[in-house]
Amino acid sequence: MAAPPLKLVVVGHVDHGKSTLIGRLLHEAGALPEGKVEELRRVSERRGVPLEWSFTLDSLQAERDQAVTIDTTRFWLTLGGRDFVIIDAPGHREFLANMVSGAAEADAALLVIDAAEGFGDQTRRHAYLLRLLGLEQVAVVVNKIDLVGFAEERFRALEHEARGFLAGLGLMPRVVVPLSARHGDNLMAPSANLPWYRGPTLLQVLTGFGVPGPAEAAPLRLPIQDVYRYDDQRILVGRIETGRLRRGDTLLFSPSNKLAQIKAIEAWPGPPPEEAAAGRSVGLTLDRPIFLERGEVASHIESAPLLSNRFGATLFWLGDEPLVAGRQLRLRLGTAEYPVLVERIERVIDTDSLASLAGEAVERDQVAEVVLRSPAVLALDDHAQLPRSGRFVLRDRGATLGGGLVSLRGIADQRRPANVPDRHLTVVAHKVTQAARAVRFGHKAGVLWLTGLSGSGKSTLAMAVEQHLFRRGYAVYVLDGDNIRSGLSANLGFSPEDRVENIRRVGEVAALFADAGFLCITAFISPYRTDRARARAATTPGAFHEIYVSADLATCEQRDPKGLYRRARAGEIAEFTGVSAPYEPPEAPSLVVDTASQPLERCIEQILDYVAQQFALGESG
């Protein structure tokens, strides 16, 4: 199978000559239609300018009139026996969003600098964007070297400046190449005008680029682009971004967490292959019918993406309005798109000096480290481990407003264990019904899930309510940190991942208590709606009751019964809810108990009244 074409984005400030460079490359590759060069000569003469190769790229009349590229344009060509897709990205500051769209798809980049004008602010922004979008294969082109008399001194000064700035970004350019795109110096062959330069030509640089990393050796990532129906079959279609798969492999689909085996690999043209690797577009049929949609990501079980509704990100902001905490946007991640909220802005970075800036807003063309949160669970890869799937684009009302890299440092995996269906097992139902259990215990079963900040009074309320209900004859039991952490979760620590797993276990155990006919009361902060929704899903429909123990942060911090807030403020406890980590209040709780404004006894009465209404036999609920 032929290697896929390398996608190369060419970026640079307006008028630094990138369109001229691409036009000349198309000519050298023999990719221009017959008579095109003569047409370019006539157009250039009519305008009173030398032969202008950039006119080759002017697909829009507005561009020719303004002599500026305003949208990304793609060209296919072959150079040195290698196939390329050249992406011409706009250089003008007003069109940085279009540049992000083009660069986000690229495997490598050329950063074009005008030898006369030098390394300006816009060039620095472009370089930062390349880093944020995960491009590690970068070469710097010092163009228009003829305008400075092919001077070595000028080239060395720009080379030193470019290498120094890119190194500060964590980018190491493959090479810095002097050339004249208009005249063809050092494009396809060494130039006699540059006797002091001993490095590679641009052709040698381009053919030396490769697919970043060994893509097929990385973990499997196949974003589903569409689902086709053919007769009674459902064919999942997508392009394998990394890794490889074989017929018979078991695939895990994220974020739905569904499992199935590959029945057949469909490919066009030709017969179905036994396996396929990164870069190939395929269709898959599965061994069993499962509902999947565009945006799902197929992987192997042992190397699946992390599932979470929040993650850290380093992003470049392109919006005219400053980005502030609370802003809602659309996140484009692979083939999926999700709503996201800017949870907080952690740091703003000056793209010129790379220094941190104070402030609660990210202005246009600034870089920031932020935390993003979505109501949906996302399939995420850390950019440091998987650059291709660890980058994203932010949009709003159809416009691209930013792009960036995913960071999963300190983010817990919210994935539940995916069970492989065993065709040799038969599900056997309990012979004792829920109705029979309710008659035996004298009340309906269920889960009272108390959630709220540390210090809000959850455990105090839970223990008091348990005592009152037990005296009334209820089969009732409280799950809290003491009895769960000393046994069931004794092997868990307090990392974000362990906290999520602890709440998952609590939800499953609470569901079992309810299934046994008990009224189970839980008292855990459980700060994330996703975790609480998972606990609800584990319980019989209608049996889960979310009770919000409401108390403002100031009240909880004033109480601070275990000194946790004091330690968190001193930096001794990382990711402490309410201080350095968020709390997501219930959106539609079954009951709200305000312990900040009401005495304890009144709060206990509220919960007991609610239990009488919802769980007593013969009552509504």
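Let's see how each residue does on (1) surrounded by fewer than 19 Cβ atoms within 10 Å (Cβ to Cβ); (2) among the hydroxyl-bearing types (Ser, Thr, Tyr); (3) under 26 Å from Arg131 (Cα atoms):
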{"site": "Arg288", "(1), (2), (3)": "yes, no, no"}
{"site": "Ala298", "(1), (2), (3)": "no, no, no"}
{"site": "Leu306", "(1), (2), (3)": "no, no, yes"}
{"site": "Asn309", "(1), (2), (3)": "no, no, yes"}
### Message
Exactly one condition in (1) modelled with pLDDT under 85; (2) under 27 Å from Asp320 (Cβ atoms); (3) crowded, with 17+ Cβ neighbours inside 10 Å is false for Val371; which is it?
### Response
(1)
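State which residue is farthest from Gly12 (Cα to Cα) when the search covers only the range 143-181 and only residues that are part of a loop (DSSP other than H, G, I, E, B) and touching a Lys or Arg at 6+ places or on another chain (Cβ under 7 Å).
In the first step, residues of the range 143-181 are kept if they are part of a loop (DSSP other than H, G, I, E, B); the result is 144, 149-151, 170-175, 179, 181.
If we keep only those that are touching a Lys or Arg at 6+ places or on another chain (Cβ under 7 Å) too, we end up with 170-171, 173, 181.
Working: Gly170: 19, Leu171: 16, Pro173: 15, Ala181: 14 Å.
Checking each candidate, the answer is Gly170.
A quick yes/no check of all residues on (1) charged (D, E, K, R); (2) crowded, with 16+ Cβ neighbours inside 10 Å:
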{"residue": "Ser256", "(1), (2)": "no, yes"}
{"residue": "Ile265", "(1), (2)": "no, yes"}
{"residue": "Glu274", "(1), (2)": "yes, no"}
{"residue": "Arg294", "(1), (2)": "yes, yes"}
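Does Glu584 qualify as being out of contact with any Pro (no Cβ under 9 Å at 6 or more places or on another chain), among the acidic types (Asp, Glu) and in the same structural domain as Gly457 (by TED's automatic domain parsing)?
On the way: out of contact with any Pro (no Cβ under 9 Å at 6 or more places or on another chain): no; among the acidic types (Asp, Glu): yes; in the same structural domain as Gly457 (by TED's automatic domain parsing): yes.
It is false that Glu584 is out of contact with any Pro (no Cβ under 9 Å at 6 or more places or on another chain), among the acidic types (Asp, Glu) and in the same structural domain as Gly457 (by TED's automatic domain parsing).
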### Query
Can you name the number of the only condition in (1) more than 29 Å from Arg440 (Cβ to Cβ); (2) buried (at least 19 other Cβ atoms within 10 Å of the Cβ) that Val506 fails?
(1)
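How about the range 120-168: which of its residues are small (Gly, Ala, Ser), on the phi < 0 side of the Ramachandran plot and buried (at least 18 other Cβ atoms within 10 Å of the Cβ)? Explain how you work it out, then say what you get.
Residues of the range 120-168 that are small (Gly, Ala, Ser), as a first pass: 120, 127, 134, 139, 149, 151, 157, 162, 164, 167-168.
Then keep just the ones that are on the phi < 0 side of the Ramachandran plot; that gives 120, 127, 139, 151, 157, 162, 164, 167-168.
Result: Ala127, Ala139, Ala162.
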### Message
Just to be sure before I move on: is Leu179 touching a residue at least 24 places away in the same chain (Cβ under 8 Å), out of contact with any strand residue (DSSP E or B) (no Cβ under 6 Å at 6 or more places or on another chain), in the same structural domain as Val148 (by TED's automatic domain parsing) and closer than 24 Å to Ile86 by Cα in the structure I sent?
### Response
no
### Task
Report yes if Pro219 is at pLDDT 90 or above and farther than 25 Å from Ile86 by Cβ, otherwise no.
yes
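Which of the helices (runs of 4 or more DSSP H) contained wholly in the range 509-600 include at least 1 residues that are closer than 27 Å to Leu469 by Cα and free of Cβ contacts under 8 Å to residues at least 24 places away in the same chain?
Working: elements: 529-538, 553-559, 564-569.
Result: 529-538.
Identify the residue in the range 458-476 that is of a type in the set (Lys, Arg) and free of Cβ contacts under 8 Å to residues at least 12 places away in the same chain and, among all such residues, is farthest from Arg559 (Cα to Cα).
To start, the set of residues in the range 458-476 that are of a type in the set (Lys, Arg) comprises 458, 471-472.
Right, trim to free of Cβ contacts under 8 Å to residues at least 12 places away in the same chain and you get 471-472.
Values: Arg471: 30, Arg472: 31 Å.
Only one residue fits best here, namely Arg472.
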### Query
What are the residues in the range 307-323 that are more than 26 Å from Asp531 (Cα to Cα) and modelled with pLDDT of 90 or more, if any?
Glu321, Pro322, Leu323
### Message
Against the definition (among the aliphatic types (A, V, I, L, M), crowded, with 19+ Cβ neighbours inside 10 Å and not assigned by TED's automatic domain parsing to the domain that holds Arg246), how does Leu323 come out, yes or no?
### Response
yes
#### Entry: Condition check for Ser454: part of a helix (DSSP H, G or I) and either under 24 Å from Ala537 (Cβ atoms) or modelled with pLDDT of 90 or more (or both)
no
### Query
Among the numbered criteria (1) at pLDDT 95 or above; (2) at positive phi; (3) polar (S, T, N, Q), which single criterion is violated by Asn193?
(2)
## Note on the structure
By residue number, the members of the range 108-142 that are over 19 Å from Asp185 (Cβ atoms), part of a loop (DSSP other than H, G, I, E, B) and either modelled with pLDDT of 95 or more or among the hydrophobic types (A, V, I, L, M, F, W, C) (or both) are Phe119, Leu133, Leu135
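Please work out if Thr539 is in contact with a Gly (Cβ under 7 Å, 6 or more places away or on another chain) and surrounded by 14 or more Cβ atoms within 10 Å (Cβ to Cβ). Write out each step before concluding.
Working: in contact with a Gly (Cβ under 7 Å, 6 or more places away or on another chain): no; surrounded by 14 or more Cβ atoms within 10 Å (Cβ to Cβ): yes.
It is false that Thr539 is in contact with a Gly (Cβ under 7 Å, 6 or more places away or on another chain) and surrounded by 14 or more Cβ atoms within 10 Å (Cβ to Cβ).
Looking at the structure I just gave you, is Arg247 at pLDDT 90 or above, more than 22 Å from Gln385 (Cβ to Cβ) and among the charged types (D, E, K, R)? Before you say what the answer is, go through the steps one by one.
On the way: at pLDDT 90 or above: yes; more than 22 Å from Gln385 (Cβ to Cβ): yes; among the charged types (D, E, K, R): yes.
Spelling it out, Arg247 is indeed at pLDDT 90 or above, more than 22 Å from Gln385 (Cβ to Cβ) and among the charged types (D, E, K, R).
The values are calculated or read from the model by the stated rules, or taken from the named source; none is laboratory data. Treat the numbers as computed from the prediction; the structure is a model and nothing was measured. When we count neighbours, we look across all protein chains shown, and the Cβ atoms used for this are built from the backbone with ideal geometry, even at glycine.
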